[in-house]
Amino acid sequence: REQSALLRALPPFGEPVSHVYHPLDYAWEPHCDFVRRYCRTPKRVLFLGMNPGPFGMAQTGVPFGEAWHVREWLRVVGGVKKPPSEHPKRPVLGLTCRRAEVS
């Protein structure tokens, strides 16, 4: 949450950027479920980052996670809200998103 707050404090992007999604704000529940399930034991390697595409973490709050894999394979659950400013061609549907991330 501290990192998210620091990101929100950055000045807004200029043109051509019109929308910025912050999935840890609106998809916090599935993100927490993922962390509780899969990040509790010691790990030799931890990958940090997010899938930059609109059908990955932007939908689920789970790093590198398109909706089908997050829901069916990882069994992550939780509600996903709508972001405050949503691009009309990239709606956030959360774990019900049917699109696959191809990046």
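The values are calculated or read from the model by the stated rules, or taken from the named source; none is laboratory data. Note that this is a predicted model, so its numbers are computed, not measured. Note that we place each Cβ from the backbone using ideal geometry, even for glycine, and neighbour counts take in every protein chain shown. Only protein heavy atoms, including side chains, enter the accessible area calculation; ligands, DNA and RNA are left aside. Shrake-Rupley method; radii C 1.70, N 1.55, O 1.52, S 1.80 Å.
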Exercise for review: Please build a GNM for the chain, connecting alpha carbons under 10 Å apart, and tell me which residue among 61, 78, 14 fluctuates the most.
Suggested key: 14
**Study point:** Sulfur and carbon atoms: percent of accessible area, region 1-73 [1.4 Å]
**Key:** 62
Practice item. Under 14 Å from the Cβ of residue 7, count the other residues' Cβ atoms, weight Lys and Arg +1, Asp and Glu -1, and hand me the total. Key: 0
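Once the other residues with Cβ under 9 Å from the Cβ of residue 59 are scored (Lys, Arg +1; Asp, Glu -1), what is the net sum? Before the final figure, lay out each step's value.
On the way: positive: 99; negative: 66, 101.
Around residue 59, the surrounding residues sum to -1.
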Check your understanding: With axes computed from alpha carbons, what is the tilt in degrees of helix 28-38 against the longest principal axis of the chain, rounded to the nearest 10 within 0 to 90?
Key -> 30
**Study point:** Given charges at Cβ of Lys, Arg, Asp, Glu: region 1-73 dipole, positive-most of 62, 27, 39
**Key:** 39
Point to revise | Residue of 64, 13, 34 that the Gaussian network model of the chain assigns the largest fluctuation, springs spanning Cα pairs under 10 Å | key: 13
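Report the calculated FRET efficiency for residue 69 and residue 40 (r = Cβ-Cβ distance, R0 = 30 Å), to the nearest 0.05.
Values: r = 20 Å, r/R0 = 0.66.
The computed FRET efficiency comes out at 0.90.
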Practice item. For the chain, report the accessible area per residue in Å² (1.4 Å probe, heavy atoms, rounded to an integer). Key: 73
Study note, to complete from the structure: Highest GNM mean-square fluctuation among 23, 63, 84, for the chain with Cα springs under 10 Å, belongs to 84
Exercise for review: For Rg and Dmax of the Cα atoms in Å, several values are listed as (1) 13.8, 43; (2) 18.2, 67; (3) 31.5, 92; flag the one computed from this structure.
Suggested key: (1)
Point to revise | the chain: relative contact order in percent, alpha carbon pairs under 8 Å with at least 6 residues between | key: 30
